[in-house]
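Worksheet for the structure shown next.
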Amino acid sequence: MKNMKERKFEFYGVDSKTELSIALIAGLALIVVWFGLLLFYYEYFQLDSIVRISKRFFFLCLLIGFSVSVLFIKVLSHRYKNLWTIIALEDHLTITFKNEKWRLEKRDIQKISYLGNENFRYLSFFTNEQKIKIRVGTNFLTPFSTKEDLRLTDEFVEFISPFLKNNFDNKVKKAIHFENQGIYLKNIK
């Protein structure tokens, strides 16, 4: 990042642990609602076998469970999203999320992953000692952020792209969904 000015980027999102927790809670909600409704139907109509439950009702229960699961995702993601702050300096990145703060020296970064599609981004930094995984998204399964947050994430990666092009090999040769998409592995010289 030689000859780069200091620049600060702030956007809302979650870390990978929070994303996983939300997914597990939503999955559990889906299973509980789905099987709860099936059990209620089985008991209410006093069926002699579980096979007697109609396919329509089976899939209706699944749909209701999925709807409740998506509602859980929406509520939990708004509750647990936080502000990511990345300060890009000439020789390092300072990343802050919640009460955690990381300082990544540019020479120590081994891999940068920037994947996703038009509605979400997975931005990860890997060193020998640290893994920082940032999740930003706007679709119904990743409603952590806004379009502005996606734009700011793209702007950050665009800002560090000279550093990426000079020091890393991009293993994704063609940008599929957005500019600068890829898995960047450190050049070994």
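The values are calculated or read from the model by the stated rules, or taken from the named source; none is laboratory data. This one's a predicted model, so the numbers in the text were calculated from it and none came from an experiment. Note: ideal-geometry Cβ built from the backbone for every residue, glycine included; neighbour counts use all protein chains shown.
Looking at the structure I just gave you, is Ala26 outside the structural domain of Asn139 (by TED's automatic domain parsing) and either over 30 Å from Ser161 (Cβ atoms) or not acidic (Asp, Glu) (or both)?
yes
Can you tell me which condition Gln130 does not meet? The list is (1) free of Cβ contacts under 8 Å to residues at least 60 places away in the same chain; (2) within 17 Å of Phe9 (Cα to Cα), and all the others hold.
Status for Gln130: all satisfied but (2).
Would you confirm whether or not the stretch 122-142 contains a residue that is assigned to a strand (DSSP E or B), among the hydroxyl-bearing types (Ser, Thr, Tyr) and closer than 19 Å to Asn170 by Cβ?
yes
One line per residue, one yes/no per condition, for (1) surrounded by fewer than 19 Cβ atoms within 10 Å (Cβ to Cβ); (2) of a type in the set (Phe, Trp, Tyr); (3) more than 19 Å from the chain's Cα centre (by Cα):
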| residue | (1), (2), (3) |
| --- | --- |
| Asn82 | yes, no, no |
| Asp108 | yes, no, yes |
| Tyr114 | no, yes, no |
| Arg121 | no, no, no |
| Phe140 | yes, yes, no |
| Asp169 | yes, no, yes |
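Tell me the residue from Arg107, Arg121 that is outside the structural domain of Val70 (by TED's automatic domain parsing) and out of contact with any Ser or Thr (no Cβ under 6 Å at 6 or more places or on another chain), please. Walk me through it before giving the result.
Working: Arg121 fails: out of contact with any Ser or Thr (no Cβ under 6 Å at 6 or more places or on another chain).
Just a single option satisfies the conditions, and that option is Arg107.
Does Arg56 satisfy the criteria of being among the basic types (Lys, Arg), over 30 Å from Gln130 (Cα atoms) and assigned to a helix (DSSP H, G or I)?
The answer is yes for Arg56.
Test each condition in (1) exposed (fewer than 15 other Cβ atoms within 10 Å of the Cβ); (2) at pLDDT below 95; (3) more than 16 Å from Thr18 (Cβ to Cβ) for His78 and report the one that comes out false.
So the condition that His78 fails would be (3).
Being of a type in the set (Asp, Glu), part of a helix (DSSP H, G or I) and within 30 Å of Phe126 (Cβ to Cβ) narrows it down to one of Glu19, Glu90, Glu43, Glu10, so name that one.
Unique residue meeting the criteria: Glu19.
If I filter the stretch 94-118 down to residues being without any contact (Cβ under 8 Å) to a residue 24 or more places away in the chain and not basic (Lys, Arg), which single residue comes out as nearest to Lys5 (Cα to Cα)?
Thr94
Can you give me the number of residues within the stretch 110-121 that are out of contact with any strand residue (DSSP E or B) (no Cβ under 7 Å at 6 or more places or on another chain) and either at pLDDT 95 or above or not in a strand (DSSP E or B) (or both)?
Start the filter on the stretch 110-121 by keeping residues that are out of contact with any strand residue (DSSP E or B) (no Cβ under 7 Å at 6 or more places or on another chain), which leaves 117-118.
Keeping just the survivors that are either at pLDDT 95 or above or not in a strand (DSSP E or B) (or both) gives 118.
Qualifying residue count for the region: 1.
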